[in-house]
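Have a look at the structure below before the remarks.
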Amino acid sequence: MTKTIMEKAIDWGRRKSPWIIHFNAGACNGCDIEVVDALTPRFDVERFGLVLQGTPRHADVLVCTGAVTLQTKDRLKQIYEQMPAPKFVLAIGTCACSGGIFDGCYCVNGGIDSVIPVDAYLPGCAARPEAIIDAVVKLLSALESQQKAEEGVK
C-alpha cells in the first residue's frame, strides 16, 4: 500500500517540525530547569523545528523528567493516551530513566518506563540543554531513517 501525497506531507511535517510537550513526573526541578533552558532563544531549538505545545493532543514528542510518583502515574498515562500516533517519549535525567535517588521511596513508582513505553533515554543529573537537544534530534533522525526504510521495503 503506497502513501498518498497528503500522508507523505504529514510525515515530512512531523519529521521537520516536531511539537513537544514537557511533563514533570515528580522531579527535583533540576532537569526541568534544563529543559526550559533548552527551549529558550539561547539554544535556539526552533532551528530544528521544535515547538513547545501546551496540549498533548497536538504534541509528537513527550519529554518527561523525574521519577513517576503514585500521584502522577495516572496523569502520565492520560497524557500519553491523548497524544496522536506516532508518538515518542524521551526520558530526561537519571530519575526519569530509573527512579534515580528517589527509587525505593514509598511514593515512587520508578522510572517513566514503568508506566509508558520510552523511545529514548537521556541519563544525567541534571541533563544539559545541549544533550537534550541532541537527544531529540537523534530521535527524529532515527524516525526519518525508519520511514525511509519502510518506503524502501514497500
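Which of the residues belonging to segment 89-140 are within 11 Å of the chain's Cα centre (by Cα) and of a type in the set (K, R)? None; the set is empty. Restricting attention to segment 72-86, which residues are at pLDDT 85 or above and either touching a Gly at 6+ places or on another chain (Cβ under 7 Å) or not aromatic (F, W, Y) (or both)? T72, K73, D74, R75, L76, K77, Q78, I79, E81, Q82, M83, P84 - these are the residues of segment 72-86 that are at pLDDT 85 or above and either touching a Gly at 6+ places or on another chain (Cβ under 7 Å) or not aromatic (F, W, Y) (or both). Residues in segment 3-50 that are among the polar types (S, T, N, Q), part of a loop (DSSP other than H, G, I, E, B) and either surrounded by 12 or more Cβ atoms within 10 Å (Cβ to Cβ) or touching a helix residue (DSSP H, G or I) at 6+ places or on another chain (Cβ under 9 Å) (or both): S17, N29, T40.
Residue under question is T94, and the condition is that it be closer than 23 Å to W19 by Cα and open to solvent by 30 Å² or more (accessible area, probe 1.4 Å); does it hold? No: the conditions fail for T94.
Scanning segment 51-78 for residues that are open to solvent by less than 30 Å² (accessible area, probe 1.4 Å) and either within 29 Å of P41 (Cβ to Cβ) or outside any strand (DSSP E or B) (or both) yields P56, A59, D60, V61, L62, V63, C64, T65, G66, A67, T72, L76. Out of V118, V89, one residue alone is touching a helix residue (DSSP H, G or I) at 6+ places or on another chain (Cβ under 8 Å) and in a loop (DSSP other than H, G, I, E, B). It is V118. For segment 98-107, the count of residues that are closer than 15 Å to A135 by Cα, part of a helix (DSSP H, G or I) and open to solvent by 70 Å² or more (accessible area, probe 1.4 Å) is zero.
Considering segment 17-52, the residues that are on the phi > 0 side of the Ramachandran plot and not small (G, A, S) include one that is modelled with the lowest pLDDT, namely D44.
When L50, L90 are screened for being touching a residue at least 24 places away in the same chain (Cβ under 8 Å) and in contact with a Leu (Cβ under 7 Å, 6 or more places away or on another chain), only L90 passes. Among the residues in segment 138-146, are any in contact with a Pro (Cβ under 7 Å, 6 or more places away or on another chain) and at pLDDT below 80? Yes, some residue in segment 138-146 is in contact with a Pro (Cβ under 7 Å, 6 or more places away or on another chain) and at pLDDT below 80.
The values are calculated or read from the model by the stated rules, or taken from the named source; none is laboratory data. Please read these numbers as outputs of a predicted model, since none were measured by experiment. So basically every Cβ, Gly included, is an ideal-geometry build from the backbone, and we count neighbours across all protein chains shown. Ligands, DNA and RNA are stripped out before the accessible areas are found, and what is left, the full protein with its side chains, is counted by its heavy atoms. Shrake-Rupley method; radii C 1.70, N 1.55, O 1.52, S 1.80 Å.
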